[in-house]
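To start, the structure itself, in structure tokens.
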Amino acid sequence: MVIDLNVTDDEFDDEEIENDFEGNECSLSEEIIESDLHLEFESYKAIRNELEEKLQVGVVYDSLDVIYILYLQYGVLSGFSIKKGSQKRFDNSDDLRLKVYHCSCEGYPDNKRSVGRIACYKKQVSRTNCKARLRVVRGEEGLWTVTVFFNQHNHELVSPDQCYTLRSARQMSHAKKSVLDALRSVGIKISSAYRFMEKEAGGRPNVGFTKKDAYAHVNLSKKQTKLENGDANALLKYFIGKGNSETNFYWNVDLDDDGRLMNFFFRDTRCAVDYEVFGDVLSIDTTYRTNKYNLFCAPFVGINHHRNNVLFGMAFLSDETTKSFEWLFNSFLESMHGKEPGIIFSDQCQALMNGLDYTFQTASHRLCQWHINQNAPSRFGALNGNAAFKKTWYFCMNGCENEAEFDSTWQAMIKDYELTENRWFRNMYNLRKRWASVFTNDKFTTGLHATSRSEVMNKVLKGICSATTSLHEFVIQYERLLHEWRLRESKEDTMCRGVPGQFIQNNNLLRNAASVYTRNVYKTFECEVAHSLNVKIIQHPYDFGGDELVYGVLSSSSMNGLRTVHFTRPTSNATCSCRMWEAEGILCRHILKIFLLLNIDSLRAQFILNKWRKDAKNRILPCEQNLADQVAVDNIGNMVFVNHHMKILYNMMLECKGDKICRDVISKFVVKCVKEVDRLKSARPESSHDRGSQGTNSAPVNIKNPRTPKKRKFPSKRLRRHWDLPRPKRGADSSKKRTCLGNVLHFVNYLQPNYYILLTL
């Protein structure tokens, strides 16, 4: 049925008719209550009939929006979507005087654009030239009158239980967008977030939008986070804002000759404070690439007093060259005021090793034993099946007690297995001080032998980003990860306030250790005490004269044989040939056995490492002490000094801000201090410790994004190791030797994932 009033269809031929909105399906405005679109099945017909009566020809309304909402609701309840059609304005005015709303199936599909093209995807045809429409006209009084209401469709309508899938029925409110963004910000996938919202709403029809709409909203949000000049400038703006809002925030960028971002490094204030306390051991790994530009991710990882990972900074490199690593390590040292770590763990990358040797003057470098053992089988050849050879290899790696024993064992291995001409073994012997434990047992390593801490960090980073993650988005997710880790550390600090349970009650040694050590460190110490019960004294103490005694002890659970313990009577100092105290900062079972023999039931102060204490980070002196005495203490780090004195001055300013006399005194004192500091600095050359910690914050305002690599140009995963090579399936004929063709296929399968490396050689 077509009902027409006052206006004829010929008026649509006027050139003034505007078709700006033609072909665009409509969606509900934010004013529509979503619950109105999801009515009970048994009452939707009555509501639809009521809406149909409100849209009859001749009905007058004072607002076009009211008519739009009514027709939108009517379409949803009837099973079709609507779209805005033609419109006409008054002469010499921008006010509308005619508006038409169509069924979404109005018109014919546009086939002109596909002429001469082969479509890779054919969109489903939904237009059937449906004539259903609603036309309204505005009178001189400003009121809108329904002139045409045609409700006959030439296509099948959507059933009531599927009406929520219509485009006109889907609308994401600001509240639901906020919930979806919040779930995404904590690492929840879009599909999981949608299932959560579906359960909260009581079913999919009540959510108000589909899963596809959720993905579209997230993709649109990602595009809106980028600035006009690109991802690199978005990152630069974030660093500048962070540096203005956070004291001692450091960042540095490296650009090429074309002004394109190549490398960047950043760390916040908390990272610098953690490095002051826990910066004795550092792990670096640049294996994974976790961003859309395939930049090398280089997290600086350490170990805190709970034996958990702690981050000192984050960097991205465009390549693994010596120049890039030198820039990175110089930026790291500058951000940490020139303080070098005690020992650094890394993989066997020659460019990284060159950068470390050039930048760090006092730090020791240790190669990752796990990476060496992964590559070693491909060098062993026929010796892979020799158990005696492997036992000797692992003994050289971790079993030797002194350098002489290592040299003798290595030379015997080279001679017995005829490896004199093997280049790889000669190279490993030249690098022996970087991977054999006997050469670093006297250095504190927290017990590490590999870059496992960095491997764990890479796995965590892989969970918060992907190959399509932009740099700016990665930094935001990284900051959230840091916040979560620090909350976990605070929780551990709180749980360490009490005393953990002891497997031997009323033991003074365990009670003393439980009062100073964190929970995880105490568990290790308690385990050593328990193992000391299985240690036997083989050799009676030999007196060298004076106060030193030497014991020979043997642990039933140890495979390294006899251990030698040196004990000094007056100071109760003790050393063991296993070097556990020097390497891990925890007394070994052999020394504890001697303590038990000599009735030493308390933990001496020299055997309590500050790194493992509960109060390891409480290095700020009390405010009641004299300020000059605080400055004179040598063991206070630079960052701790800055934070402590800023806190003192800030509290003093708050107390004196209401007293004019006190304010004048403080002003005169500050001016005097500034002049004195300037005089002292001008009297001596500037050092690296005198500079600020903001790095190159004067970087250019506009920089270009890193180059996006071609697809499959670089791998996003670790290269295959020896043990990762494809193996033949074991079957009935598995004992037969592989044929020549089988060897060729095996070699091709090995080269296939790494062919790009051969092309670049």
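Below are the figures for this structure:
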quantity	calculated
Long-range HN-HN contacts of R97 with modeled amide H, under 5 Å	K88, R89, F90
Residue-span extension gain [N308 to E484] - 0.36 nm each, minus C-alpha spacing	62.1 nm
Extension gain, N402 back to K237 (0.36 nm per residue minus Cα-Cα distance, nm)	54.0 nm
Backbone HN-Hα couplings from phi across segment 429-436 [Karplus 6.51/-1.76/1.60, Hz, Gly and Pro as x]	5, 5, 9, 4, 6, 9, 10, 7
Neighbour net charge for G187 - beta-carbon separation under 14 angstrom, K R +1, D E -1	+1
Q348 long-range amide H proximity, modeled H, under 5 Å	C368
Descending principal axes extents, segment 387-443, alpha-carbon based, whole Å	33, 22, 18
Global form of segment 298-340, assessed from the alpha-carbon gyration tensor, a/c cut-off 1.5	oblate
Label point distance in nm, E655-D319, each placed 7 Å from Cα along Cα→Cβ	5.8
Using a Förster distance of 22 Å, the FRET efficiency for D601-R497 (Cβ separation, nearest 0.05)	0.35
From phi via Karplus (6.51, -1.76, 1.60), per-residue ³J(HN,Hα) for segment 573-589 in Hz, x at Gly/Pro	6, 8, 9, 10, 5, 6, 6, 5, 5, 5, 8, 10, x, 10, 5, 7, 5
Overall form of segment 461-579 per C-alpha gyration tensor (a/c, 1.5; a/b vs b/c)	prolate
For segment 393-550: rounded, prolate or oblate by the Cα gyration tensor [a/c cutoff 1.5]	oblate
In Hz, Karplus ³J(HN,Hα) per residue of segment 384-389 (6.51, -1.76, 1.60; θ = phi - 60°; x = Gly, Pro)	4, x, 9, 5, 5, 5
Gain on full stretching of the segment that runs from S682 to S245 - 0.36 nm per residue minus C-alpha separation	154.3 nm
Sequence-distant residues sharing a close amide H with G279 (under 5 Å, placed H)	none
Around A272: net Lys/Arg minus Asp/Glu count, Cβ-Cβ under 12 Å	-2
Where only C-alpha atoms are counted, convex hull volume of segment 235-357 per residue in Å³	116
Label-point separation in nm, A467 to D442, each point 7 Å along Cα→Cβ	4.9
Where a label projected 7 Å from the Cα of A201 along Cα→Cβ would reach, residues of segment 145-164 with amide N under 13 Å	163-164
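Since every read-out is calculated from the coordinates, none of them should be taken as a lab result. These numbers come from a predicted model, not from an experiment. Here the Cβ is made from the backbone with ideal geometry for all residues, glycine too, and neighbour counts use every protein chain on show.
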